1. How many nm is it between the label spots at Ala289 and Leu176, if each spot is 7 Å from the Cα in line with the beta carbon?
2. Once the piece of chain linking Glu212 and Ala37 is laid out straight, how much longer is it, given 0.36 nm per residue of separation minus the C-alpha distance between them?
3. Could you order peptides 19-29, 279-289 by the average number of other Cβ atoms within 10 Å of their residues, highest first?
Amino acid sequence: MPTPAGRRHAFTLVELLVVIGIIAVLVAMLLPVLGKAKAAAQTIECANNLRQLGIADSQYVNLTRGWHFPGYWGARGNTSGSGMLAYNYNRTFPGMYEFRKSMAQPMIPQEDVANKGNIIFNYVTDACYCPGAWYFDYSYYAPLNAHVRPMHYSYGINVEGVDTDSHLWLRQSLDLVLAPQADWKLNDPPASAHEYGSFAGYRAAQVKRPAEKLFMCDALWINVNMHGVSNKADSIRGYEGNYDIVHESHDVKTNGIDIYRSTAWRHSNNNYANVLFFDGHVSLTHKSALFTGDSHAGTAKGDARIWKVLE
Ligand SMILES: [Zn+2]
């Protein structure tokens, strides 16, 4: 269009609106893509974390001549006010010296007597934290000079068959015939924090078909087992959807309920969990491979093929 001499061409209002409209459409098209790209990056980062944890475990297997990292050990001897066993975080895998060393985790200062046995043993850096997990308690912990988060909102170790924790229903997965090390009567109570009584872990030789068995995965507790899924019929576990990212924060925050042994399928639209298998490979695994049935209807059941390490 010819413009009058001496006058610069300016956008008309309509042209401007059209341009703005086009930009708005482009942004609207791009945003979900960016969101997906971020989620995909988190899934990959999480898988890399688990691969590193697998390498740390293989070092531990060499060091201990054949034992994998345990979920925890010797959780006997201390009871809290309610009569339940107090959870001893220094007896869980994130609290193990070998674990913290191989994952380059900040160490508990030996002279820090006040924090011995404290929950800090469960706190880890981003190297051990799923970026898709609920960012609970992202805190600066002065004694360690580090930003840390509780491991139990990130990854859990499979304790199916060796689950000796006497917290309510949880002994149902104990198998003393196949895993005598899980006997909770061993070292009762344990003489010291580093005595391995009732060891909720596996010997490498006990693991049947390592490429098919779940070692660690996205979780809502330090340990996972095949019962760790929502079940409406159970008054304790009856918090619907305790496996997904939406309720992950809701349950813990609102109800103040500790969610035990739950797998968290927090990747790919809350349908997949990253799983580290005993042979060291990591696979993004659909929830239907982990649990069959309907978790919301209370009929979900862990798939023995992936969960039952000893069989
Ligand atoms: Zn993850």
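FYI, it's all coordinate maths here, none of it is from the lab. Just so it is clear, the structure is predicted and the values come from calculations on it, not from any experiment. Because the Cβ atoms are built from the backbone with ideal geometry, glycine has one as well, and the counts that use them run over all protein chains shown.
1. 3.6 nm
2. Difference between extended and current length: 60.1 nm.
3. On the way: 19-29: 9.9, 279-289: 16.3.
Put in order of decreasing packing, that is 279-289, 19-29.
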